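Scroll down for the structure; my scribbles are underneath it.
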Amino acid sequence: MTEDHPPTAFRDAHADISTAREVPDTPQTRAPSYRLAFADDEFLCRDELRPVRLQLELLKPQMLLDEAGIETTIVLFGGARIPTPENKDTAKTETLGNLSSFYTEAQRFARMMTERSNATGGRRHVIATGGGPGVMEAGNRGAMDAGGHSIGLNIVLPHEQAPNEYVTPGLCFNFHYFAIRKMHFLMRAEAICAFPGGFGTLDEMFEALTLIQTGRMKRVPFLLFGRAFWEGIINWEALADAGTIARSDLELFRFVETAEEAIEAMDTWEGKGKTRSAPSGR
């Protein structure tokens, strides 16, 4: 999908990097100051260069997704600790093991959405996950089951982490900045699906809901898989009763249990694509 850049009269940056490696070895050429700025990792990692790194981290996935022809995505948030059904007995808690049913449902949903995507050229409804294990793995796996591609937005964490094996390699990205990663989750989102999860899932879910609530993001189908889980950890009605959110905010999302319910909800979603007027309370 990439296009060749038109020729210019200027020397190519890659050529200069190659030439710079062949210069005579002298005290001057060994000095850090002599390194080409854009090829100097140590320089690029300086605190003063944070704005540049933020821009680069925004641009790289944006450009590569554009080149791949990805127009819209279906975002799957969910717990990294949720096991596959065959491994449910190894889960740390019985509750976590029982949540393995959502691994299956995420995989089914991703497969069904990817089949729909494939039927229209694979540019829309492309599954996007955080690229890790658990529900994220299930989403990428379902896309692969359908013979389609999927996106993984991984992030560097203090403990060792690698992308799951089902992410399309050319659409697998790694981030340093959580904020830029979150932007890429939502910039092309045609629907957002939140499966049971922990802090990370809650963070991503509430940030997206807040953007829609405040009119900073257009309304998209926002589906919470597993009513019992979500109502068990969040007292939604108490928030509305207290007035800390408007009662109409409870209409920004819908509970679903199965892939079929989710797809029907997406297809019949009211107000899709419209920007919401923000209520006074948040």
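The values are calculated or read from the model by the stated rules, or taken from the named source; none is laboratory data. All figures in this text were calculated on a predicted structure; none of them were measured in a lab. As a convention, Cβ positions derive from the backbone with ideal geometry for all residues, glycine included, and neighbour counts pool all protein chains shown.
Ile212: assigned to a loop (DSSP other than H, G, I, E, B) and in the same structural domain as Ile127 (by TED's automatic domain parsing), yes or no? No.
From the list Phe199, Phe229, Phe195, the lone residue that is aromatic (Phe, Trp, Tyr), within 18 Å of Ile74 (Cα to Cα) and at pLDDT 95 or above is Phe195.
Scanning for something exposed (fewer than 13 other Cβ atoms within 10 Å of the Cβ), assigned by TED's automatic domain parsing to the domain that holds Ile82 and of a type in the set (Val, Ile, Thr), does segment 221-241 turn up at least one residue?
yes
Being at pLDDT 95 or above, exposed (fewer than 14 other Cβ atoms within 10 Å of the Cβ) and polar (S, T, N, Q), is that true of even one residue in segment 64-82? No, segment 64-82 has no match at all. Take the conditions (1) of a type in the set (Val, Ile, Thr); (2) under 13 Å from the mean Cα position of the chain (by Cα); (3) closer than 17 Å to Ile74 by Cβ; Val256 misses just one of them, which is (2).
Per the conditions (1) touching a strand residue (DSSP E or B) at 6+ places or on another chain (Cβ under 9 Å); (2) loosely packed, with under 15 Cβ neighbours inside 10 Å; (3) touching a residue at least 40 places away in the same chain (Cβ under 8 Å), the sole criterion not satisfied by Phe175 is (2).
Residues in segment 110-154 that are surrounded by fewer than 24 Cβ atoms within 10 Å (Cβ to Cβ) and of a type in the set (A, V, I, L, M, F, W, C) were compared, and the one that is farthest from Val75 (Cα to Cα) is Ala119. Counting only residues that are surrounded by fewer than 21 Cβ atoms within 10 Å (Cβ to Cβ) and not β-branched (Val, Ile, Thr), segment 182-212 holds 16 of them.
For segment 259-274, residues that are surrounded by 13 or more Cβ atoms within 10 Å (Cβ to Cβ) and either in contact with a Ser or Thr (Cβ under 9 Å, 6 or more places away or on another chain) or not acidic (Asp, Glu) (or both) total 8.
The residues listed here are Ala31, Ala20, Ala37; of these, the one that is at pLDDT below 95 and outside the structural domain of Glu105 (by TED's automatic domain parsing) is Ala20. The number of residues in segment 215-244 that are part of a helix (DSSP H, G or I) and in contact (Cβ under 8 Å) with a residue 60 or more places away in the chain comes to 1.
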